[in-house]
Amino acid sequence: MLLSLGLAASPSRAAELVIDIEDVGSQKGRLTAFVYDSAEGWDGGRPVVPLQRVYPDGGTRLQARFTGLAPGRYAVVVLHDTNANGRFDVSALGIPKDDYGFSNNPVLFGRPGFDRIAFELPADGARISVRMK
């Protein structure tokens, strides 16, 4: 399944970001891709562009596409709300019940900082892979 979100493109805002979402475990619920352009936005939960929702279609790979982005430094998080309750579920100990993935696919022991998951988006765009955990 492919979902695309276009923004008003101008010469300085013309890059495309394609996110290949891999290892989708459940075919229930919805996945949401968030794109952040700063540590402040990441820490404050303020994505730089509207989020995208992608729905499982029977496969283990999905794709989200953001167009019209300014070249620069970004970070991506994908959350899979498997029971479609509108929130990311965790246990009483804070262990995620829902699947998640980050750009750069870091090995995690807690929430990563922006610098750990950030990547450069050049003017001619980029394709990244996010593995769900």
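The values are calculated or read from the model by the stated rules, or taken from the named source; none is laboratory data. All values reported here derive from a predicted model rather than from experimental measurement. FYI the Cβ positions are ideal-geometry reconstructions off the backbone, even for glycines, and counts take in every protein chain you see.
Could you say which residue among 24, 49 is out of contact with any Lys or Arg (no Cβ under 9 Å at 6 or more places or on another chain), crowded, with 18+ Cβ neighbours inside 10 Å, part of a loop (DSSP other than H, G, I, E, B) and of a type in the set (A, V, I, L, M, F, W, C)? Even if it seems obvious, please write down each step before you answer.
Values: 24 fails: out of contact with any Lys or Arg (no Cβ under 9 Å at 6 or more places or on another chain).
Result of the check over 24, 49: 49.
State whether one or more residues within the range 1-16 are assigned to a loop (DSSP other than H, G, I, E, B) and modelled with pLDDT of 90 or more.
no
Residues in the range 93-103: is at least one touching a residue at least 12 places away in the same chain (Cβ under 8 Å) and within 16 Å of residue 27 (Cβ to Cβ)?
Among the residues of the range 93-103, at least one is touching a residue at least 12 places away in the same chain (Cβ under 8 Å) and within 16 Å of residue 27 (Cβ to Cβ), which makes the answer yes.
In the range 42-58, what residues are of a type outside the set (Ser, Thr, Tyr) and touching a residue at least 40 places away in the same chain (Cβ under 8 Å)?
Listed by number, the residues that qualify are 42, 43, 49, 50, 52, 53, 54, 56, 57.
Which of the residues spanning the range 52-77 are of a type in the set (Val, Ile, Thr) and surrounded by fewer than 14 Cβ atoms within 10 Å (Cβ to Cβ)? Quick ask: steps written out before the conclusion?
Of the residues in the range 52-77, the ones of a type in the set (Val, Ile, Thr) are 54, 60, 67, 76-77.
Residue satisfying the conditions is 60 alone.
Would you mind finding the one in 75, 33, 70, 84 that is under 20 Å from residue 133 (Cβ atoms), small (Gly, Ala, Ser), at pLDDT 95 or above and out of contact with any helix residue (DSSP H, G or I) (no Cβ under 6 Å at 6 or more places or on another chain)?
Of the residues listed, the single one that is under 20 Å from residue 133 (Cβ atoms), small (Gly, Ala, Ser), at pLDDT 95 or above and out of contact with any helix residue (DSSP H, G or I) (no Cβ under 6 Å at 6 or more places or on another chain) is 33.
Considering only the range 27-46, state which residues are within 18 Å of residue 126 (Cβ to Cβ), in a strand (DSSP E or B) and touching a Phe, Trp or Tyr at 6+ places or on another chain (Cβ under 7 Å).
35, 36
Test residue 36 against the stated conditions and say whether it is in contact with a Lys or Arg (Cβ under 8 Å, 6 or more places away or on another chain), under 14 Å from residue 21 (Cα atoms) and among the hydroxyl-bearing types (Ser, Thr, Tyr).
Details: in contact with a Lys or Arg (Cβ under 8 Å, 6 or more places away or on another chain): yes; under 14 Å from residue 21 (Cα atoms): no; among the hydroxyl-bearing types (Ser, Thr, Tyr): yes.
Answer is no for this residue.
Applying the selection to the range 113-133, what residues are surrounded by fewer than 13 Cβ atoms within 10 Å (Cβ to Cβ) and either without any contact (Cβ under 8 Å) to a residue 60 or more places away in the chain or part of a helix (DSSP H, G or I) (or both)?
Across the range 113-133, the qualifying residues are 115, 120.
Just give me the residues in the range 83-108 being over 30 Å from residue 125 (Cα atoms) and part of a loop (DSSP other than H, G, I, E, B), in sequence order.
83, 84, 85, 86, 87, 89, 91, 92, 93, 94, 95, 97 - these are the residues of the range 83-108 that are over 30 Å from residue 125 (Cα atoms) and part of a loop (DSSP other than H, G, I, E, B).
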